[in-house]
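Structure first, then comments.
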Amino acid sequence: MSDILISLFLGFIPEISYFTLFLIFTKGIKEKRIKLAICIAVTYFLCINVRQYEYLYYFAFIGLMFGILKLLYKKETQIIDVFIISIPIFYITLLSFLNLLIKEDYSNYPIILCMNRILLFVPFIFRKMFNKFYITYKRWWNRDREGKNPIKSITLRNISLIFFNILIFIINFLCLYMIEK
Amino acid sequence: MKKFLYLLPSYIFNILEILIVVKIGMMIDLSLTYILIILIPFATIRLTAKKACHYKDWRKCLVWTILVIFTIFVASKVGIVVGVLVSMFNALVLTERGDIRDFGLLGWKGKDNSKYAVMDEYIERNKGKDTLIEFEETLKRIDPVKYKIYIKKFYEKKSFEKISDEIEEIKDQRRITENLDIIYFSFTMFLEMKKELAIN
């Protein structure tokens, strides 16, 4: 019973809140926030909790998150949101990996998990910069015919794709390492 | 014949590019079949989708192509299905289909050229600037109801349904569209007048 409670209050709920808040602050979402949280919760439960450590479901989660945003917010959801979605997924995977490394030396798992959950929300100190970054990223994404953007549209896309592709590999690598442990 | 000779350097460049990319794939222990399964969807989408993005400088083109394809191969180490999907996604982003407002969930819906999208973009780029503030203050003074609609639509990003619920004076969603059309017309006229005054 205590395992289920720990799993729920230190696992599932913080992670759903994390994803929902990240998207709300980054995209400046003002409508249908509760619907968004519920959809993310259901998708997360089906992809991550039901089929743990299967990397295809992690990647499917990225696709489904984009699908949720597209269904709820239609034209406001753009292709760059795939890159935006992959950032919190990478961060959460990295924290889980660090959690696993530390766990080998310490015996008190709930304390480590609490610290992990706190670290999960530390980036929100800079939440005001999330939306600014998103607006700038969006502005630089399309080709600027007047040539005012500091970076070429194709260069920005190439950089985004390189990071995204490497991220796919790293997430898979970390998942495999966690399964082995 | 003349056209062929004119295009010959670019054909040679493309062939060399493919050979370099295949060689890189083999260096990271991918079989030729695997490499082709990854590259064919990439090439097909780039050729058939709307306007592929290119660099004018061949050196930049070569460097970035190698980097992107290399990372696609790295990602495809996860699995063939992931590799193909990543390859297709990468190809799509590197065409005009990957432009903002151009990507549809169920296929190619084309560019969103609606007047509200144009106004949205203008407001996003010019928030806090004098011209926009002047327009908003004028609108607020002349017609407070239209100003409310303007704020709810372009700043609060609310749906027509919510706007009609929140503004007492307007109950019918069709009237929201009528009012927005008037706002859009006034907005474009205001900008034109400003341009004229600046020139004179």
Scalar couplings 3J(HN,Hα) for region A:61-78 by Karplus 6.51 cos²θ - 1.76 cosθ + 1.60 (θ = phi - 60°), nearest whole Hz, x for Gly and Pro, are 4, 4, x, 5, 4, 5, x, 4, 4, 5, 5, 7, 10, 6, 5, 6, 9, 10
If you take the beta carbon distance between B:TYR11 and B:ALA49 as r and set R0 to 25 Å, what does 1/(1 + (r/R0)^6) give as a FRET efficiency, to the nearest 0.05?
0.75
With the cut-off at 20 Å, tell me which of the pairs A:LYS32/B:LYS127; A:LYS30/A:LYS128; A:LYS27/B:LYS194 have Cα atoms farther apart than that.
A:LYS32/B:LYS127; A:LYS27/B:LYS194
With all protein chains present and a 1.4 Å probe, how do B:GLU121, B:GLU196 order by accessible area, largest first?
B:GLU196, B:GLU121
Sites removed, the longest contiguous part of chain B containing no DSSP-loop chymotrypsin sites (Phe, Trp or Tyr not before Pro) with at most 14 other Cβ within 10 Å is B:1-107
How much net charge surrounds B:LEU30 when only the other residues with a Cβ under 15 Å from the Cβ of B:LEU30 are counted, with Lys and Arg +1 and Asp and Glu -1?
+1
Can you run phi through the Karplus equation (6.51, -1.76, 1.60; θ = phi - 60°) for region B:137-152 and list ³J(HN,Hα) in whole Hz, with x for Gly and Pro?
5, 5, 4, 5, 6, 6, 8, x, 5, 5, 4, 4, 4, 4, 5, 5
Taking H placed 1.01 Å from N in the peptide plane, check which residues at least 5 places from B:THR95 or on another chain put their amide H under 5 Å from its amide H.
B:CYS53
Expected vector for region A:11-28, Karplus 3J(HN,Hα) from phi with 6.51, -1.76, 1.60 and θ = phi - 60°, integer Hz, x for Gly and Pro, equals x, 4, 5, x, 5, 5, 4, 4, 5, 5, 5, 4, 5, 5, 6, 6, 8, x
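The values are calculated or read from the model by the stated rules, or taken from the named source; none is laboratory data. Note that the structure is a prediction, hence the values are computed from the model and not measured. Counting neighbours? That spans all protein chains shown, and the Cβs are built from the backbone with ideal geometry, glycine included. Areas reflect the complete protein model, heavy atoms only, side chains present, ligands, DNA and RNA absent. Shrake-Rupley method; radii C 1.70, N 1.55, O 1.52, S 1.80 Å.
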